[in-house]
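K.L.:
Would you mind keeping the following structure in view while I ask a few things?
The values are calculated or read from the model by the stated rules, or taken from the named source; none is laboratory data. None of these values were measured; they are calculated from a predicted model. SASA here: full protein model, heavy atoms, side chains in, ligands and nucleic acids out. Shrake-Rupley method; radii C 1.70, N 1.55, O 1.52, S 1.80 Å.
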Amino acid sequence: MTIMPVRFASVLLGGCLAASLFSGPVFAVGNDNSTMPTCKKGEIYDQKTKKCVKQQSANVSDENRTDYAYSLAKAGRYQEALAMLDTVKDQNTAEVLNYRGYATRKLGRTDEGISYYLRSVKTDPHYAKVREYLGEAYVIKGRLDLAKDQLNTIKAICGTACEEYQDLNAVILDPSKI
């Protein structure tokens, strides 16, 4: 007689747990160890309040907007990432230019992506992430010599153990990993 209520409670608890797992924000996918969630279209994740808020009314920093744009891009939401980057006041930071390059490259506009990467490199020559993405773009273009130049620069910046070096090296060895 007590078995039936216990079973029912177990099923109910399991269902509640499963529902809670799927009702929160979706986290960005990628190798960058980013834990910034992505929100539904028209919202932005506010790092201060730790929740999704309406994009128009959001009072979030340029850095927050830039990071969020990257999370969108890593989640495959490239057009939304570009639109978010458009809301950043300072368009000439190494990160904004890099993430704009990333999103445009992923949309198939590799040459345009390379132009943003090169502008990012001029802004911060020691920014390893842009060097990785620039190298990947060169692999796409069939310019392994230029990709290897970027790999050597990354090695000088952070060594061979950093993620950027390892990721670009893997792509140079096997371009199908892009």
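K.L.:
Write down the accessible area per residue of segment 37-168 in Å², having rolled a 1.4 Å probe over the full set of protein chains.
P.N.:
Roughly 48 Å² per residue, with all protein chains present.
K.L.:
Separate question: Between segment 39-90 and segment 160-178, what's the alpha-carbon centroid distance in Å?
P.N.:
28
K.L.:
Sticking with this one: So how much accessible area does residue 114 have, in Å² to the nearest 10, using a 1.4 Å probe?
P.N.:
Surface accessible to solvent at residue 114 totals approximately 20 Å².
K.L.:
Mind scanning 106/148; 41/129; 106/129; 129/155; 106/141 and naming the pairs with a C-alpha gap bigger than 19 Å?
P.N.:
Distance filter (> 19 Å) returns 106/148; 41/129.
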